[in-house]
Amino acid sequence: MKKYLQVMALAGIALTLSGCGKLKDSSLANNATNTSTTKKKSYQTTNTGTNGYTVLMKNGRYNISPIAGLTATDNDNSVDTRELERGLIQISKNQFSPNQYVFQEGQYLDTSTVTDWLMRKSKSNPDGLNPVNNGKTGTDTRNPIYLEEIIEQDYLTGSGSKYNLGGMSLGLAMNSVDYYQKKRNGAEFQTTISRVEQKAQGEKIANEIVARLRKKKALKNIPITIGLFSKTGKDSLVGGTYFAYGTAAANSSKISKWKSMSEKMQVLPTTGSEKAINSDDASHFNDFKTAIQNYFPNISGVTATLRYTNGKLSQENISVTTQFYGYEQIQSFTRLVLSSAKKYLSGNIPIEIKIGSVDDVQALVAKETGDSDYQVHVYGGE
């Protein structure tokens, strides 16, 4: 297995965590990264927006997890990356309240360990969490790669000059499709993995990971939450979703109870024979799209990505591609987008509307929560 590293966009992470603000100085005790007692290290936290976590930083810098971007294969879909992280943060709020815990990207799992875990189990790698290669190449007879990626998030308690690890969350990205070749540089084949099989393998792998983590002194007595994420096919336009999660209580070496989740993603306008998940939502988007397209003749495209949770619309992200760059054009068009969003789009969900050319973002219209006001920023504008 090769090791694939992806660059994680900190701007996207910051938005997922609901923004940042004024820095507060503090020093961190008993942190996994604090290995020196001879040199004092400076830690800061950021104040976040509504319902967001306060984020811990080291010497004024965001702490990136050493395992960020490690995948089992090179058949990765980049649109899954943000959903994998965003969804785990939302799951974690059920166990680790943002009012009581501080967020930090995972610092306890290292690159070498997770690289071994993502490989197939073999005589040379007994720690592999993916099944042994059974030597078969049939789409229904081979052992597929089930586990594609692991992400870690740490949640700390404390205040002032002392913080301690209070809990950990892991996201396990499970393949819904495993791509493979029967011979090097040959044709590509694929094995489809059912949700039932994803769940069974995911739960098995999760409990094995919990048992291994309990062998670490720092992780013996903390709750560990694990979410199971279904990755989409590599050509999908939308990211995958979490379908189950559970928590191993402090001192417990297994997750005995799993909670099912129902999330769906859809891109509008739909293509081919695909039907809208909710016709009213599709109609509202079409009304919004028509209103802004009629303003200027050179709007290249308007698309939306909708997230549904338990059957209800919970997030809408819209991308508007333009072909104009004039200062007053962008200013006036952004005002139209704002008024049209208020008129046609749902008023009780978070919404993000990016306006830009193919090369860069020119304006942003967004609200972080369902009951918040829209915020507007025109890049290079007033």
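Numbers for the structure displayed
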{"item": "Matching residues, the stretch 240-263, being surrounded by fewer than 13 Cβ atoms within 10 Å (Cβ to Cβ), of a type in the set (S, T, N, Q) and either under 22 Å from the mean Cα position of the chain (by Cα) or part of a strand (DSSP E or B) (or both)", "result": "SER260, SER262"}
{"item": "The stretch 73-89, residues that are small (Gly, Ala, Ser) and either open to solvent by less than 30 Å² (accessible area, probe 1.4 Å) or in a helix (DSSP H, G or I) (or both)", "result": "GLY87"}
{"item": "The one condition in (1) within 18 Å of GLY347 (Cα to Cα); (2) in contact (Cβ under 8 Å) with a residue 24 or more places away in the chain that GLN266 fails to fulfil", "result": "(1)"}
{"item": "Filter result (more than 16 Å from SER300 (Cβ to Cβ) and surrounded by 15 or more Cβ atoms within 10 Å (Cβ to Cβ)) within the stretch 343-368", "result": "TYR344, LEU345, SER346, ILE349, PRO350, ILE351, GLU352, LEU364, VAL365, ALA366, LYS367, GLU368"}
{"item": "Search result, residues across the stretch 297-320 that are open to solvent by 40 Å² or more (accessible area, probe 1.4 Å) and farther than 22 Å from PHE243 by Cβ", "result": "PRO297, ASN298, SER300, THR303, SER319"}
{"item": "Of residues in the stretch 114-149 being of a type in the set (Ser, Thr, Tyr), more than 18 Å from GLN201 (Cα to Cα) and surrounded by fewer than 16 Cβ atoms within 10 Å (Cβ to Cβ), the one modelled with the lowest pLDDT", "result": "THR137"}
{"item": "Failed criterion for SER339 (all others in (1) over 16 Å from MET265 (Cα atoms); (2) modelled with pLDDT under 95; (3) of a type in the set (Ser, Thr, Tyr) hold)", "result": "(2)"}
{"item": "Near pairs, Cβ below 7 angstrom, 6+ apart or cross-chain, from the stretch 122-146 (under 17 Å from LYS183 (Cα atoms)) to any residue that is hydrophobic (A, V, I, L, M, F, W, C)", "result": "THR139/PHE189; ASN143/VAL132; PRO144/ILE193; ILE145/ALA72"}
{"item": "Any hit, the stretch 274-295, residues being within 24 Å of the chain's Cα centre (by Cα), surrounded by fewer than 16 Cβ atoms within 10 Å (Cβ to Cβ) and among the aliphatic types (A, V, I, L, M)", "result": "no"}
{"item": "Residues within the stretch 150-174 that are assigned to a strand (DSSP E or B) and open to solvent by 10 Å² or more (accessible area, probe 1.4 Å), tallied", "result": "9"}
{"item": "Subset of the stretch 287-327 [among the polar types (S, T, N, Q) and over 15 Å from PRO269 (Cα atoms)]", "result": "ASN294, ASN298, THR309, ASN310, SER314, GLN315, THR322, GLN323"}
{"item": "Residue list for the stretch 186-233, restricted to those being basic (Lys, Arg) and crowded, with 17+ Cβ neighbours inside 10 Å", "result": "LYS199, ARG214, LYS231"}
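The values are calculated or read from the model by the stated rules, or taken from the named source; none is laboratory data. For clarity, every value in this text was computed on a predicted model and none was experimentally measured. Here the Cβ is made from the backbone with ideal geometry for all residues, glycine too, and neighbour counts use every protein chain on show. Surface accessibility is based on the protein's heavy atoms, side chains included, excluding ligands, DNA and RNA. Shrake-Rupley method; radii C 1.70, N 1.55, O 1.52, S 1.80 Å.
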